[in-house]
Structure formats: structure tokens, C-alpha cells
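Derivation of every value follows stated rules applied to the coordinates shown; laboratory data play no part. Given the structure is predicted, the values throughout are model-derived calculations rather than measurements. Neighbour counts are summed over all protein chains in view; Cβ atoms, including those assigned to glycine, are modelled from backbone coordinates with ideal geometry.
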Amino acid sequence: MSHSVRVRTIPGIFCLAVLAIRGFALDPTPPPRPTPSPLVLNVFSAALALPNGVQVTSGSAILDVRALRDDVLRIRIGVNGQLPEDASWAVLANSRQSSVSTTAESDDDAVGFRTRSLRVKIARRDLHLSVTDLDGNILQEDAAGWPVTFHDRTFRLYKQMPADEHYFGLGDKVGPLDRRGQSFVLWNTDAYEFQESTDPIYKSIPFFLAERAGRYVGVLLDNTWCSSFDFGKESGEIYSFGASGGPVDYYIVYGPDPKKVVKTYSWLTGAAPLPPLWSLGFQQSRYSYETEDQLRGIASKLRELKIPADVLYMDIDYQQQNRPFTVDSQKFPNFTGMVKDLRQEHFRLVTITDLHIAYGPNIDYGPYQSGVAGDHFLKNPDGSLYVGTVWPGPSVFPDFTQKSSRGWWGRLYSKFVSEGVSGFWNDMNEPSVFLSPSKTMPIETQHRIDEPGFAERTASHLEIHNVYGMENSRATYEGLLNLAPNSRPFVLTRATYAGGQRYAATWTGDNSSTWNHLRLSTPMLLNLGLSGFGMAGADVGGFAGTPQPDLLTKWIELATFQPIDRDHTAKGTGAQEPWVHGPEHLAIRRRFIEERYRLLPYLYTAAEEMSRTGLPIVRPLFLEFPSATPDHHPLDLDAPNQFMFGASLLVAPSRFPDELDSYDVILPPGDWYNYWTGSRVIGAEKIEPRLDMLPVYARAGSIIPMQPLTQSTEEKPQGPLTLRVYPGPDCAGTLYQDDGTTLDYQRGEYLRLNFSCQSDPQGLRIHLGAPEGNYRAWWKSYEVQIFGWSSGKPKVLLNGKADSALSSSLNVGQVLTLSLPASGETELQIISTP
Ligand code: GLC
């Protein structure tokens, strides 16, 4: 039903354009349907108050708004007298089905309700929907005069865009951290050599945060079809989103604190699992280490040059004719022995296992035969197998939205798992298909859906495309858990959808060896982290091309402070291992990789926090300091490319890393310490860039656990656990440890220690909390390093008493150092003496 209304862009035009450019018209698509006139939702027919929300009808259309919690709304629209099915690949059933009671509110102008923190109003005049907090601050509202519009099966929603609102998220879409002024299409695409303006790329994560005046809300459009988001590119006053089909089903998550939004998003879609500790170590890869000798050589060289490392990757050339789940025994004559030997050297192997299965009616290739026997491959509408060309040549594609096919896929890993391969890499799963103008499979390819919540049915590739890579990584993750129920799976996926963080870590795909790509890796990883993917990396050194020595050095420096630190490059490029540019570069690179290993207790603690709360490891400044500016705008807008590594360390690379010009680091309010020198810094600092330096600052009021250097995460550190104490307000820190690889931590085999410190006129008190959990960690003693001590030689007390061992361990320098045995809850007093 509609009054006459201005119609802007044809809803879905962004997707249509991308699909057309991609040559979909060249694929045999069904004849176009006659296009009916647009359906706009702006006439009120009736309203029904629900215990947890409101339902409004507009002719045969239904607008349904419900509160899942006081701070989470779900909004669905159905056009044919029926709401979209209550199903999702992204949102957990328990969250989707949660409900709180609401208070109905209705007057002459509007119908709606309130929760304990939100008020929803739908105007009787034109169905204008607004969501405010209880003080009346608008959090999101429809753009005046721009009702929800359907055009055939595409739809678009238009929202008011205040001049001072900013947008973040949407995964690793390229471009600045703030999405304002940009538009994006979500259609998973193999984007080799993508550039700053390339869109779409590999993933579709239709979740964003909107910030205005320090109030953050999150929006998830749970729709797997080709969707698009325009944050004011078309109009300075309206932002809009929509999809080329599928349900209008979106969620609004209220903060106002941004951390709360991110945590609630993880309540909706799940958190990334606790990664194996080794996946936080340095990872060396290339396309490809072609032979067993070459791979063993890389391992030896890393150890010989004492470059700490944990993981080696095997890219496609280890396989027979690129066929997944095979090993070329000419190139890798003793694969099993090699895996074993490398494990002895404390290396883990991650092998690539792409999803395409070689089409092999006449070849002896188990995955094809068993897949056909079990009816696990995608079909054309006429029932024949869909065959597309990828690395193995003609290939077939598993039907990952079918439970039985995911089970079959998972079992394909049994040999690799029994041989001791530690992790798996699911690439090309947009899916990428060669020799096809669309770069993927035809949109009418048939997928079968067998998933709780969804009706059992076939679906076209248009509906499944964006979720296909996620279901591929899900099949791998679940399969690995079945094969080794007490081991943490490590899966790396290139394509994914919202919620895919439950199954796999990710990387930003085929970047390039350019300074611009080094710079881009920061906003890409920050926005990925805000979108659920805290475990993410960008190919260190760049994939396409060969990095200049300085570029590789700077890249290794920055990646020290990124969640996944993997050096990877393409076929035919120059060598890219840390040693390739001579001893001076190697020394700098090694120093940074070593620092990452020293910081592992801190990094692992951040990873554990991520797995519990959804908070990412690398964070935009606004996540930690939402009130850092007088008008509460995100500080990141003034300090581009600075970011937090965990809650306590601020990393400040130059925005233009190839330039030698000095630049200003802008520090959030409060005191800071230079992480490298320990000196105190306040407000801002001018940096004269140097090849061997990356500015990092520790927040005053933090306690950072660190360990002695090891060459891998498997080597037991020798010596004390270091606690770097940076006194300041609310001074605290945490350490989390466990065995690093199993799920025993879920049964109490972990250790958590909370630390705190307090400055007072007498000096400083440090409290080392009682251990929580049963896990016994490697250290026997602590070395406590106190920064910013300026009162000469203090008196020290252990649990209120003088302790001669403690006193004699005291070292007074720029940093005050103390050693003490690790024995339960401990109170240290550092008392200034005149
Ligand atoms: C894709 C991947 C890349 C990999 C290559 C060969 O381009 O993105 O990382 O090395 O395929 O498998």
C-alpha cells in the first residue's frame, strides 16, 4: 500500500550494477520478470501490541518490531501477509528467540513501546519508524519522506543521517575506518590485487556501528542476498541499506558504550573461539613452498637465525594436480615423516584445503567418488552436477548448507589430522570460479538447505552465495572437532558472513606489496574486529608483488601488533622471508618478532577475552576511549591509523609509512608511557620516523604480563613472569593461561590472575590476586617492573612485612625492579623514603 512518494534509486541498483558488471547477464539466467511498480510502506492499517513489541500492518504488509532484550530490537517486514521465516545463518537461535516484556505506548500520532532503555515509535501518518533512548535522543530513525521501498523482490530502507554521525564495521571493506560518505556492496568476490577503491571484496558482514555524540548503536541486516549499504554517498542526509532479495530482518543494538555494542553483537552472532596459542606465533607462508626440501629448509633457517616462529603453511602446490586432500608424493615423498619432524622442531603445519573438488568421473580421486556417492555436490536446475573451473581444472562444489554434506566434508580431514597437521586453510570460498565472467557460479545453481529454523528447500545461489564460504569453514571446524574432540581447531577462511567468527579466523585476501596496502591493513583489521572477527591478519609484506626491503621491515613491525602475523606472498614474486634483505633488516625484523613472543601472555589474555566477550584484539581508540574528545566524536578521526593492541597498548604507525616527515601521535587523555623506553608521555608526541622504530605506548594504569623470549610457543619460557606496572588511575591487569591447545580450559584447567595497583602519598601498593582455575603455569617467580618511579630508593614490604629476599632483589634505575616467588595472593608495598 502506498501514498505517492518520491522514489530515489531503484532499491537494489547497487547489487544489480555489480552483478551486471560481473557478467551475470552472460550466464544463463532466468528471463527477467516484469517489474511491478514499487511498493512503499507508508500507510497505516492497524496495530497490534505484542507482549514484547508491536506489529503494524499496511495493507498486506507487516512491520514487526520486537525487543529481544531491553537494548536489542529485531525488526522484520513481510509483504505478503507473512513475516519472513524466523531463521538465520548468523544469529544464534537462543538470542533470536529471546524476548523481554515491553510497555505498549500509543497516542494519536504513533504506536510503539518502550523497554527499560529504548523507545520505539511508528507514526500513524506514514509508518515513520524511530528508535530513541529514554531521554529522547534519536538513535535511528527513518529518513522523513523515504519509507521502506520494495521493487519486485529487492528492498531498501532509508535512515536519517545526521551531519555528525559516523559509521564503522562491515568487515574488512577497503577505505577509511569511518564509512561515512562511502557505499558498499556485499557480494563475496575473489578480489585479487584489490585496491583502496575496490568493492566488493571477499566477505559480507552486514553489521555496522553508528556513532553520534558519543552514543553508539549497532545494526545487523541479516540477509544473505546481495546487499548494499550507502552511508551518504548518494545523499548527504540519508543513509540506506537493502538487498536484492530475501528477508527484511534487521537488529538494532543499543550501547551507548561502543564496547557494549560489540559485546552484544557477539551475544547475537557468537564469539570467535579461543584460538590455539600457536596461532598467535609468527607464521611463515608462500604460494608455494614447492618441495619437502624447500619447506624443511625454511624451518631450519628460521631456527638457525633464531627468528621465533610457530607455523608453516602449505599452499596448493603440495597437492597432486591441485586436488584438495591429496599430497604430491613426488614433491613431498615423506609427508608424514616431515610433519612429524617439523613438530619435533615445534613447527605446526597449516595445509590449504580449498573447497572445489576435482571433477573426476574417470579418475581415482576419493573426495569426488565419495561426494557423488553421498550426493554432496551442487547441481544445476536440470539436476546435473554444476561443474566450474578452478585450480584443479573442472571442479564440483560441496553443498555446504546441507548438514550431511558438511559432515562428509569434515570427515575428509581424517588423514591429515591423524598425520598431525595442525590447521587448515579454506581459500577460494566466495566461491571463486575461473573462466566465468561472474567470477563465481551461476546464480541459479541449486543449494539444498537443511538447517534448523529454515524450511527444508532448495535455494538459488543468489541466496546462498554470501554465506557459502562461512558454511565451508563451519564444515571444516565442526569436522575437526569431531575428529579430535579435545583439540582447538584452527581454520583460516577467506570468504565469510556475519557469525563466521564462530568457525574460522580470516585474512584480508590478496593485498599488494605497496606502502598503501601496509597503511590499509590497519582500518581493515579494525573494522573486521568490530564486525566479530577479532582473529584476523593481512598478508605481511603483501601478496601481489615483491616488497622493497624497507616495506617488508615496516610491515613486520606493524604485524607484531596484529592478531595474526603471517608473512605470505604470491607465486612468482621474490622471496619474502624475514632474512632476505640482509643482516640489518633481519636484525630489526627479528627484534619485533621477538617482542611479540615476549608479549604472548598479554596477547593470549586478549585473545581469551575476545573468545568470552567478543571484544577484538586490535581496537579503534574509540572502543577504549569513547569520551576522549569534548564532543565525544571518535578520537580515531583525529588520529588515523593509531589503534589499541589489547586494552593497554597503543600503537601509532605513521599514516604515510613511506614518508620520513615527522608526525604527531595523539594520545587519549591520561598519562602514557613509551613502551620501548619507559619514559612518561602526556598528550601528544612528535615522531621523527625511523626504519627501526614503531611508536608504542602503555596506558598509565595498566599491568602487562610478559615472558622470557622463546623460539616457539611450545618452548617453555625459562625465568620469571614479568609484570610491567604502569601506575595510574584504575590500575589493573589480567593474565590468562592454559595448555594452549586443548579444550580442558572449559573444565577448569586454566589460570587467571588479576592484578591491580594503587598509588598513594606513601608510594605504591600492588596486589597480585589469588589464582583462579586449576592450571599450573610455567613460572615460579615474578619480576615486577615499576615504571615512572621517581622517589629514589623505596622500602618494600611483602604482605605487610619486610622481606629480606625481596629487599635485596630491589633494583633502582629508571625502572624499579623487584623479584619475588609466585605464591598465591600477594600484596606488595613500595614505600617512598625521604
Ligand atoms: C589465493 C589466495 C592466496 C593463495 C593462492 C593460492 O589467491 O588468496 O593466499 O596463496 O590463492 O592458493
Worksheet entry | Tensor-based shape of the chain (alpha-carbon gyration tensor, a/c under 1.5 rounded, otherwise prolate or oblate) | oblate
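Provide the percentage of antiparallel DSSP beta bridges, counting only those with both residues in the range 708-834; round to the nearest 5. Don't jump to the answer; show the numbers that get you there.
Working: 35 of 40 bridges.
So the antiparallel bridges amount to about 90 percent of the total.
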Worksheet item: By counting other Cβ atoms within 10 Å of each Cβ, how are V79, V815 ranked from fewest to most?
Response: V815, V79
Discussion item. Based on alpha-carbon centroids, what's the gap between the range 37-72 and the range 148-175 in Å, whole number please?
Written reply: 20 Å
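Quick one: compute the contact order of the range 719-831, relative version, from alpha carbon pairs under 8 angstrom and 6+ residues apart, as a percent. Spell out each step's value before the answer.
Numbers: 238 pairs, mean separation 33.0, N = 113.
Over the range 719-831, the number comes to 29 percent.
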Item to complete: Take every DSSP beta bridge whose two residues both sit in the chain, then give the antiparallel share in percent to the nearest 5.
Response: 85 percent
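Which of rounded, prolate or oblate describes the range 149-226 when judged by the alpha-carbon gyration tensor and an a/c cut-off of 1.5?
Values: a/c = 1.99, a/b = 1.18, b/c = 1.69.
It is oblate, given that a/c is not under 1.5 and a/b is not larger than b/c.
For a Förster distance of 45 Å, can you work out the FRET efficiency between the beta-carbons of S781 and Q294, rounded to the nearest 0.05?
On the way: r = 43 Å, r/R0 = 0.95.
It comes out at approximately 0.60.
Run the numbers for L134 and S790: contour at 0.36 nm per residue of separation, minus the present Cα-Cα distance, in nm.
Numbers: separation 656, 0.36 × 656 = 236.16 nm, distance 4.83 nm.
Value of the extension gain: 231.3 nm.
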Practice prompt. Please sort by residue number the chymotrypsin sites (Phe, Trp or Tyr not before Pro) in the range 671-755 whose DSSP state is loop and whose Cβ has at most 14 other Cβ atoms within 10 Å.
Written response: W676
Response to the item:
Given unit charges at Cβ for Lys, Arg (+) and Asp, Glu (-), the dipole magnitude of the chain about its Cα centre in debye, nearest 20, is 920 debye
Worksheet item: Quick one: net charge of L83's neighbours, Cβ under 10 Å, K/R +1, D/E -1?
Response: -3
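Of K306, K554, how do they rank once you tally other Cβ atoms within 10 Å and put the fewest first? Display every interim value, and only then the final one.
Working: K306 12, K554 27.
Ascending number of Cβ neighbours within 10 Å: K306, K554.
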Worksheet item: Between the range 761-834 and the range 683-711, how many Å separate their Cα centres?
Response: 22 Å
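Given a cut-off of under 8 Å on Cα pairs at least six residues apart, what relative contact order in percent is computed for the range 617-751?
On the way: 230 pairs, mean separation 22.1, N = 135.
Reported as a whole number, the value is 16 percent.
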Response to the item:
With a Förster distance of 35 angstrom and the Cβ-Cβ distance between Q344 and L92, calculated FRET efficiency to the nearest 0.05 equals 0.30
Worksheet item: In percent, what relative contact order does the chain have, based on Cα pairs under 8 Å that are 6 or more apart in sequence?
Response: 10 percent
Worksheet item: Considering only the other residues whose Cβ falls under 10 Å of the Cβ of Y250, what net charge follows from Lys and Arg at +1 and Asp and Glu at -1?
Response: 0
Worksheet item: Cβ under 13 Å from R747's Cβ, R747 left aside: what net charge do those residues give with Lys, Arg +1 and Asp, Glu -1?
Response: -4
Practice prompt. Sort out for me the Cα centre separation of the range 319-338 from the range 573-638, rounded to whole Å.
Written response: 35 Å
Discussion item. Of G420, L378, I363, which is farthest towards the positive pole of the chain's charge dipole, taken about the Cα centre with +1 and -1 on the beta-carbons of Lys, Arg and Asp, Glu respectively?
Written reply: G420
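In the range 102-202, which trypsin sites (Lys or Arg not before Pro) fall in coil by DSSP and have 15 or fewer other Cβ atoms within 10 Å? The partial results should precede the final answer.
Working: sites: R114, R116, R119, K121, R124, R125, R153, R156, K159, K173, R179, R180; in loops: R116, R124, R125, R153, K173, R179, R180.
The qualifying sites are R116, R125, R153.
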Item to complete: Would you please name the GluC sites (Glu not before Pro) within the range 209-281 that are DSSP coil residues with at most 16 other C-beta atoms within 10 Å of their C-beta?
Response: E234, E237
Response to the item:
Between the residues W672, I687, L637, the Cα farthest towards the positive end of the dipole of the range 618-698, that dipole coming from +1 and -1 charges on the beta-carbon of Lys, Arg, Asp and Glu, is from W672
Worksheet item: PRE reach from Q762 (point 7 Å along Cα→Cβ): which of the range 786-814 fall under 16 Å by backbone N?
Response: 794-803
Worksheet item: Stretch A49-T389 to full length: gain in nm at 0.36 nm per residue minus the Cα-Cα span?
Response: 117.0 nm
Discussion item. Can you show me the helix-derived [θ] at 222 nm for the chain, built from DSSP H runs with n ≥ 4 at -39,500 (n - 2.57) apiece and divided by the number of residues, rounded to the nearest 500.
Written reply: -6000 deg cm²/dmol
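Using a simple charge model, +1 on the beta-carbon of Lys and Arg, -1 on the beta-carbon of Asp and Glu, nothing else, what dipole does the range 13-269 show about its Cα centre, in debye to the nearest 20? Don't jump to the answer; show the numbers that get you there.
Numbers: 26 positive and 31 negative charges, 88 e Å.
Dipole of the range 13-269, to the nearest 20 debye: 420 debye.
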Practice prompt. Could you work out how far apart the two model spin labels at A587 and E685 are, taking each label as a point 7 Å from the Cα in the direction of the beta carbon, and quote it in nm?
Written response: 2.2 nm
Response to the item:
The FRET efficiency for N334 and T742, from their Cβ-Cβ distance with R0 = 41 Å and rounded to 0.05, is 0.90
